[in-house]
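Data first, discussion second: the structure below is written as structure tokens.
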Amino acid sequence: MPAKKSPPASFTAPGMSKRDGAEVATTLQDRLNALNDLHLTLKHIHWNVVGPHFIAVHEMLDPQVDAVRAMADETAERIATLGSAPVGTPGALVKARTWDDYSIGRAPAIEHLGALDVVYDGVIEAHRKAIESAGDVDPITEDMLIGQTRQMELFHWFVRAHLESSGGQLSTGGAEHESTAAKRAGAAARKSA
Ligand SMILES: [Fe+2]
């Protein structure tokens with residue numbers, strides 16, 4: 001059974017209505033789920049990457065894991081600051097999430113990077129939506145999410161730079177699903193080898 005939802009506290013951030021505080025916290029809970037999912041997924045890739053580019057990708061990912069874990073921590077603490085109880089258990093995350101589990105196991109670096117391009121795309125797009133909705137009532141949360149998005153967009157570029165041609169095309173070719181992106185990136189790498 002997933003963790004029980006705790007009742008809201010008797011306070012929120014000064015100058016905000018309790019209703020707004022609770023609404024922003026709900027938006028942040030979804031982002032917390034996404035960030036916890038992302039740092040676990042990044043570790044999964046760190047452990048499962050194989051092939052000639054193993055060490056570069058294996059080592060590139062650990063600082064991203066650390067940064068995304070720090071983002072999850074600040075997001076959870078913002079939820080508590082707003083008077084709601086952050087939920088950080090795996091069962092609750094799986095029950096609440098609207099996206100599929102990362103589907104690739106042991107695979108060449110370039111295939112994982114193709115899939116990770118799609119993963120970052122989804123998380124960043126949802127973060128931008130959260131920036132918009134939180135920004136209407138809480139610029140402090142908006143500022144936090146902007147900082148996180150800036151950092152994730154940089155990491156996304158680190159990933160994409162591996163997939164990019166000198167003409168600026170991505171080998172994933174706009175694939176919307178991880179496994180398709182992985183296949184396309186893998187095929188493009190074999191072709192150019
Ligand atoms: Fe490690």
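Just a few scattered comments:
- Calculated FRET efficiency for the pair I146/F54, C-beta based, R₀ 30 Å, to 0.05: 0.30
- DSSP-assigned coil residues among trypsin sites (Lys or Arg not before Pro) in segment 1-59, each with at most 13 further Cβ atoms within 10 Å: K4, K5
- Shape call, segment 81-141: gyration tensor on alpha carbons, a/c limit 1.5: oblate
- Between S10 and A96, the C-beta separation translates, for a Förster distance of 30 Å, into a calculated FRET efficiency of about 0.75.
- Cα-based reach from K4 at 19 Å (exclusive), listing aspartates and glutamates while leaving out same-chain residues under 8 positions away: E23, D30, E77
- Protection proxy ranking, peptides 107-113, 51-57, average beta carbon neighbours within 10 Å, highest first: 107-113, 51-57
- Computed helical MRE - 222 nm, the chain, DSSP H runs ≥ 4 contributing -39500 (n - 2.57), nearest 500: -23500 deg cm²/dmol
- The apolar share of the surface of the chain, taken as the fraction of accessible area on carbon and sulfur atoms (1.4 Å probe, ligands and nucleic acids excluded), comes to 55 percent.
- Rounded accessible area per residue of the chain, 1.4 Å, Å²: 55 Å²
- Distance between segment 115-193 and segment 1-56 - C-alpha centres, whole angstrom: 18 Å
- Segment 1-81 shape via C-alpha gyration tensor axes, a/c threshold 1.5: prolate
- Ranked from largest, the principal axis spans of the Cα set of segment 39-186 equal 48, 34, 25 Å.
- Annotation: aspartates and glutamates with alpha-carbon distance below 12 angstrom to K183 (same-chain offsets under eight excluded): E111.
The values are calculated or read from the model by the stated rules, or taken from the named source; none is laboratory data. For clarity, every value in this text was computed on a predicted model and none was experimentally measured. So basically every Cβ, Gly included, is an ideal-geometry build from the backbone, and we count neighbours across all protein chains shown. Please note that ligands, DNA and RNA were not included when accessible areas were found on the heavy atoms of the full protein model with its side chains. Shrake-Rupley method; radii C 1.70, N 1.55, O 1.52, S 1.80 Å.
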